[in-house]
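The values are calculated or read from the model by the stated rules, or taken from the named source; none is laboratory data. Predicted model only: the values in this text are computed from it and were never measured. Glycine gets a Cβ as well: all are built from the backbone with ideal geometry, and neighbour counts include every protein chain shown. Ligands, DNA and RNA are stripped out before the accessible areas are found, and what is left, the full protein with its side chains, is counted by its heavy atoms. Shrake-Rupley method; radii C 1.70, N 1.55, O 1.52, S 1.80 Å.
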Amino acid sequence: MVQPIAMTTWLLKWLDVRMESGVDVAGAALEFRGSMGWGAWLLWTLLLTAAVYTAYRFSPPHLSRSRRFLLTTLRSLFLGSLLFLLLRPVLAFTVEGSVRRLLVILCDNSASLRIPDPRIAREDQVRAAIARNLADPAGGLAQSLSPADAQAVSRLPRIELVKGVLESPRMNLLARLQKHFDLAGYQFGGVVADLPLDGAIPATNTTASAAQAGSSWANHLDGRQSATALGDAVREVANRKRGQPLAGILLITDGANNSGSAPLEAAERLRSEGVPLHIYGVGLTAPRDVIVASLLAPEVTFVDEELDVIVRVRGQGLAGQTATVKLKLGAQEFQQNIAFSGGGEQVVTFPVVPQTIGEMEIQASIDPRSDEAVTDNNMKKQRIRVIDSRINVLLVDQSPRWEFRYLQAMLLRDRRVNLKCYLVEGDPGIARVEKSPYLSSFPTRREDLLKFDLVIFGDVDPRFVTPTQQEYLNELVSKFGGALLVVAGKRYTPHAYRRSALYPMLPVEFEGGGVEAATDANASDKPIRLELTSAGRSSPMMRLGDNELKSREIWQQMPPVYWVSRVSRPKPAAEVLMIDPDPARESRFGKMPVIALHQYGLGQVMFVGTDNTWRWRRNSGDAYYSAFWGQLVQRLALPRLLGGNKRIQLSADRQNYLAGDRVTLFGRLYSLAFEAIQEPVVKGRFTRKGQDRQMGAEVLMRPIQDQPGLYRGEFIAGVPGDYQFSVDVDPASPLEFSVIEPQFELGETAMNEALLRQMAKATAGGFYHEEDLHKLPDLLNAKTEKVRSPLEIDLWSSPLVFLLLIALASVEWVLRKLSYLK
């Protein structure tokens, strides 16, 4: 930057040119805009000078030679200056300045900000003292604290540090930022919201307005949001300010992220838009804490059958120390000792044999320590249901394709399943072997087929399943609450059944009836990476990890398949869980569904549009493959397996909800005459267990189009506890579910410094601890881009020039009078 010299400053002042604050002169030049050239000016100037010289040469003899020369010079300068104006001289300045831009301040307001970190190290105490205005912001970590100040900050919640930084008069952060930038404040947790200003903020006094804004923003931070969508929050504020000149985003957070999109993906998007992230990391990178991260157990299990209850435990800052993991199932208690090894998760498996039938609570816990960051994350619990029956499954296929082989092996190993198989092209003799799971034919008698809870129907030639048998299958699902799982194949299913009794049962629609419609000639050579829909990501049937985020990561890394069945669209009431994202297979109805589910009568029908799921075993063996198919089998068979009123069938997507979740209920409702109810609205109520039903909240269930008797209702899960829902047409058939307090924010108590540094680096921003924050305003201002623009001043019409001409003429006139000349 070129600073204006004293002469330039004086000249601009005398030319009455006003420069805005922050604008400097980078260069100056004299230019000419007239039609007269320099040669003509010089010629006329010489001629006029000669004429003046001649005139004064013949002046009276009493005029001295020096006075004659001075008068000649003044007259020549005056005439030459007049001619100079014909050149139209212009002073051309180049000025540079910065455009005042917007800086977004995005503050984390989630529950993890209420964690009172145990600050034992002196450096951590100094950082907290800087934030709370108890230490010099520029003094670094070497400065000392009084015992009283060290004690005062030893267990301060993170939210208090954020408030201190916003309000600190010594750091004066907001006022220094407001000097160069416009500021906009937002808060986020699960959603983004404005940080409002309380009262009128003065616009003229920068320091006062910034101080009041900091105090106002701090008053609205309470750490009450139950989830953190870090990636979504960054995207949202960038979208809100798109089109405005952004200096960047100052992100104040501990780096927790337990919902929404991946933060690094959001950072990559900001990099492409040229918006840097400057991140103030709040909290300790390794506070001492014992975390029971998850408890994994099936929601339904079998009495006197061993099941593995998996508890994931993590100890932060406790390497080498021991703890006892306790598990309680009803009246049964178990425990195991573990030794912590760094900050990684440890998996503790409890082999448990339920001994009583019914619903009960399973709870995993570790006794709290006195030096922990928080103790609310030392326990996890879940409700399970213990039953005394097995799932009767019929697996049908044309030939032993790979999908059949792996699925059969998995189901035979599952102790919950009583499996029977029918292989059309199999040797009939295999059905006569003792204890063989094979049947010699597809069940021909109605009562034989109705014994099954679930039929898995593969790529079967329609000639081997008669229309009567298909009608029996229809009755099993629609009237007796059974389930049908259709696994597509390249030869027959589903396209060969276009005009059969099976087609109306399917949750998808397709065109054409030929087998050729099922097959893409090149499909076996091209990898297809399937994608979960939003419904699939939240569905327990598709969950392969401890939580939705972990499950999504597993699905993203799943090997591709090499064939999918072509279908047109899902039926109106179907729920699509997985799609083929390839635009080439997209129809006018959207992405092609691959896995879809809908309610059909009293039961459910699922369509799996690929026979390549066995490829998901690569690199992971049976882990994810068995989890996927085991969950499908259990979820589809449960309504029939658990019994209940066949006239009133109520279902929900899961048994356990978090407070604030949206609960979606479905009801298949029939009259006493077993005819589908056709009312426009069916009323229901949900209440806490043991509470009078009339005291519960009302829920309106409305019919689903093209599904006679099928109703849907929604409500928000409230206070944690055990609940039941029933409809007014039959209050005696309730659906039970549980609501638990969300603990997303306590699943990870350490500040995720590695993630925050990655985000800052990806956007060419910076990561800051408390001792670095005082540098932020200067760093941001130094990165501000300068804008150059021209500024031209017409000298030929400037009053200053005419004053100079008048001065020359006046001096000559005075000298002439003193010389007694006219």
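Things to note:
- Computed FRET value (nearest 0.05) for ALA148 with LYS783, which takes r as the C-beta separation and R₀ as 35 Å: 0.30
- The Cα center of segment 676-710 and the Cα center of segment 720-737 differ in position by 10 Å.
- Cut-off 15 Å (backbone N to label point 7 Å along Cα→Cβ of SER64), residues of segment 792-822: 815-816, 818-820
- Under 15 Å of direct C-alpha separation, and excluding same-chain neighbours fewer than eight residues apart, LYS689 reaches these aspartates and glutamates: GLU359, GLU361, ASP722, GLU736.
- Anchor LYS179: lysines whose Cα lies under 21 Å away (excluding residues fewer than 8 positions away in-chain): LYS163, LYS241, LYS775, LYS783, LYS786
- Cβ-defined net charge surrounding LYS420, 13 Å radius [Lys, Arg +1; Asp, Glu -1]: 0
- Spin-label pair VAL99/THR444, simplified geometry with 7 Å Cα→Cβ offset, distance in nm: 8.3 nm
- Its DSSP H runs of at least 4 residues, each contributing -39,500 (n - 2.57), put the calculated 222 nm mean residue ellipticity of the chain at -8000 deg cm²/dmol, to the nearest 500.
- Inter-label distance for ILE716 and VAL811, nm, one decimal - labels placed 7 Å from Cα along Cα-to-Cβ: 8.5 nm
- The accessible surface of the chain, taken with every protein chain in place and a 1.4 Å probe, is 53 percent carbon and sulfur.
- Projecting label points 7 angstrom from Cα along Cα→Cβ for ARG432 and SER341 puts them 5.6 nm apart.
- Calculated Rg and Dmax of segment 523-578 using C-alpha coordinates, Å: 12.8, 34
- DSSP beta bridge pairing in the chain, given as percent antiparallel to the nearest 5: 70 percent
- For segment 66-162, GluC sites (Glu not before Pro) meeting the loop criterion (DSSP other than H, G, I, E, B) and having at most 11 other Cβ atoms within 10 Å: none.
- Whole-number accessible area per residue in Å² for the chain, which is evaluated in the context of all protein chains at 1.4 Å: 47 Å²
- Highest mean packing comes first when the peptides 582-591, 288-297 are listed by Cβ atoms within 10 Å, giving 288-297, 582-591.
- SER399/TYR503 FRET efficiency (R0 25 Å; Cβ-Cβ; nearest 0.05): 0.65
- Alpha carbon convex hull of segment 73-175, volume per residue in cubic angstrom: 195 Å³
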